[in-house]
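Enquirer: Just passing along the structure, written as structure tokens.
The values are calculated or read from the model by the stated rules, or taken from the named source; none is laboratory data. This one's a predicted model, so the numbers in the text were calculated from it and none came from an experiment. With ideal geometry, Cβ positions are generated from the backbone for all residues, glycine too; neighbour counts draw on all protein chains shown. Calculation scope for accessible area: heavy atoms of the full protein, side chains included, ligands and nucleic acids excluded. Shrake-Rupley method; radii C 1.70, N 1.55, O 1.52, S 1.80 Å.
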Amino acid sequence: MNSYGSFPGARPRRLRTTPAMRRMVAETRLDPADLILPAFVREGVSEPVPIGAMPGVVQHTRDTLRRAAAEAVEAGVSGIMLFGVPEDAKKDGLGTAGTDPEGILQLAIRDVRAEVGDDLIVMSDLCLDEFTDHGHCGVLDDQGRVDNDATLERYAEMAQVQADAGVHVVGPSGMMDGQVGVIRDALDTIGKEDVAILAYTAKYSSAFYGPFREAVGSSLKGDRKTYQQDPANLRESLRELALDLEEGADMVMVKPAGPYLDVLAKVAEAVDVPVAAYQISGEYAMVEAAAEKGWIDREKAILETLTGIRRAGGRMILTYWATEAARMLAAGRR
């Protein structure tokens, strides 16, 4: 440094000089155990069905779902979130296929538990949208509106059949008022106190769900703005958070992840329960599409997006790249 002090006195670059140095001082670490794999299982198919808007993701058969679960365990992934896709003929206004003990989701839960036991946390989507002919997350009243309290009765029944099938964690995603409390009571009533609830606390009405609707064969008419949260609101999420915790949520979630990292950070700061974030179908599709065009480095983009979610406070990350990303991390690609 010269006498005029024109050279920097502090040199943060010293801590960026080598990969080993950067690894040693990293403030955020992503681990395979942070990851949860969402997976779709479709009734009545003999081969996996590719999802056009989500390259590399399929609607599984029961057999290929079992293999996917086993691969997730091998890669060090912590959990799998199951979504059932029934035959169209079985959809109705009440979503009765969702509460049929022999429905596709309940069969999938049993299949995966039989394959991996307790080596993978088996989670289930607790919502009616995959099973209704109108595609909404609840029962409709005579004016075509989602009836909150009638829907809660259906959720209670869904929780019980999923618990009987052997699920470790239920994930109520419908954003009905009071859903966590009703589900907790329903589970406790049948002696399933050990089944945990991952509350979809802040689930926003997002444009990024588009590919998911293909994945579950959605029959949605209209939109879900009367029950999913307005993207403009953050304080509302903290109110939902307080209600879910009061009702007995064991874990809470923000969905989508990437566009709502500010919400995720606020939720993570406010609670002492595990916080999840769901990197949804549209987030996945954008990276895959850009990588296919050669515009970005696919693997680096995957790990960067996941690290960003982890840095914002997501202790558990639901991502369609879970198994692949876990393998990357195990191989030291960070």
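Enquirer: Being farther than 27 Å from A265 by Cα, open to solvent by less than 20 Å² (accessible area, probe 1.4 Å) and outside any loop (DSSP other than H, G, I, E, B) narrows it down to one of L187, L198, so name that one.
Expert: L187
Enquirer: Still on this model: Among the residues of the stretch 82-106 satisfying the criterion of being assigned to a helix (DSSP H, G or I) and in contact (Cβ under 8 Å) with a residue 60 or more places away in the chain, which is farthest from A39 (Cα to Cα)?
Expert: Of everything passing the filter in the stretch 82-106, D88 is farthest from A39 (Cα to Cα).
Enquirer: A follow-up question, please. Touching a helix residue (DSSP H, G or I) at 6+ places or on another chain (Cβ under 7 Å) and among the polar types (S, T, N, Q) - does that describe any residue in the stretch 158-166?
Expert: Yes - at least one qualifying residue is present in the stretch 158-166.
Enquirer: Go through (1) under 25 Å from P274 (Cα atoms); (2) open to solvent by less than 60 Å² (accessible area, probe 1.4 Å); (3) out of contact with any strand residue (DSSP E or B) (no Cβ under 9 Å at 6 or more places or on another chain); (4) assigned to a loop (DSSP other than H, G, I, E, B) and name the single condition A70 misses.
Expert: Condition (4) is where A70 drops out.
Enquirer: Is there any pair linking a residue in the stretch 223-234 that is over 12 Å from Y200 (Cβ atoms) and modelled with pLDDT of 80 or more to one that is outside any loop (DSSP other than H, G, I, E, B) and open to solvent by 70 Å² or more (accessible area, probe 1.4 Å), with Cβ under 7 Å and at least six apart or on different chains, and which?
Expert: L234/D262; L234/K266
Enquirer: Which of the following residues is in contact with a strand residue (DSSP E or B) (Cβ under 8 Å, 6 or more places away or on another chain), open to solvent by 40 Å² or more (accessible area, probe 1.4 Å) and among the hydrophobic types (A, V, I, L, M, F, W, C): L65, L94?
Expert: Being in contact with a strand residue (DSSP E or B) (Cβ under 8 Å, 6 or more places away or on another chain), open to solvent by 40 Å² or more (accessible area, probe 1.4 Å) and among the hydrophobic types (A, V, I, L, M, F, W, C) holds for just one of L65, L94, which is L94.
Enquirer: Being assigned to a helix (DSSP H, G or I) and either open to solvent by 20 Å² or more (accessible area, probe 1.4 Å) or without any contact (Cβ under 8 Å) to a residue 12 or more places away in the chain (or both): is that true of L264 here?
Expert: Judged against the criteria, L264 is not a match.
Enquirer: Just for the stretch 15-41: of the residues that are within 30 Å of I51 (Cβ to Cβ) and part of a helix (DSSP H, G or I), which one is nearest to the chain's Cα centre (by Cα)?
Expert: Looking at residues that are within 30 Å of I51 (Cβ to Cβ) and part of a helix (DSSP H, G or I), I get D34.
Enquirer: Looking at (1) in contact with an Asp or Glu (Cβ under 7 Å, 6 or more places away or on another chain); (2) closer than 19 Å to L126 by Cα, find the lone condition where M253 falls short.
Expert: (1)
Enquirer: Taking the stretch 46-67, which residues are farther than 27 Å from M286 by Cβ and in a loop (DSSP other than H, G, I, E, B)?
Expert: The answer is S46, E47, T61.
Enquirer: Still on this structure, please answer the following. Among L261, L245, which is the only one that is over 17 Å from the mean Cα position of the chain (by Cα) and modelled with pLDDT of 95 or more?
Expert: Exactly one of L261, L245 is over 17 Å from the mean Cα position of the chain (by Cα) and modelled with pLDDT of 95 or more, namely L245.
Enquirer: Here's something else I'd like to know. Tell me yes or no: at least one residue of the stretch 286-294 is among the β-branched types (V, I, T), surrounded by fewer than 23 Cβ atoms within 10 Å (Cβ to Cβ) and touching a helix residue (DSSP H, G or I) at 6+ places or on another chain (Cβ under 9 Å).
Expert: yes
Enquirer: How about the stretch 304-334: which of its residues are under 18 Å from L264 (Cα atoms) and in a helix (DSSP H, G or I)?
Expert: E304, T305, L306, T307, G308, I309, R310, R311, A312
Enquirer: In addition: If you take the residues in the stretch 105-125 that are open to solvent by 10 Å² or more (accessible area, probe 1.4 Å) and among the β-branched types (V, I, T), which one is farthest from G144 (Cα to Cα)?
Expert: V116
Enquirer: Here is a further query. With in contact with a helix residue (DSSP H, G or I) (Cβ under 7 Å, 6 or more places away or on another chain), farther than 14 Å from T323 by Cα, among the aliphatic types (A, V, I, L, M) and open to solvent by 20 Å² or more (accessible area, probe 1.4 Å) as the only criterion, which of A20, A53 stands out?
Expert: A53
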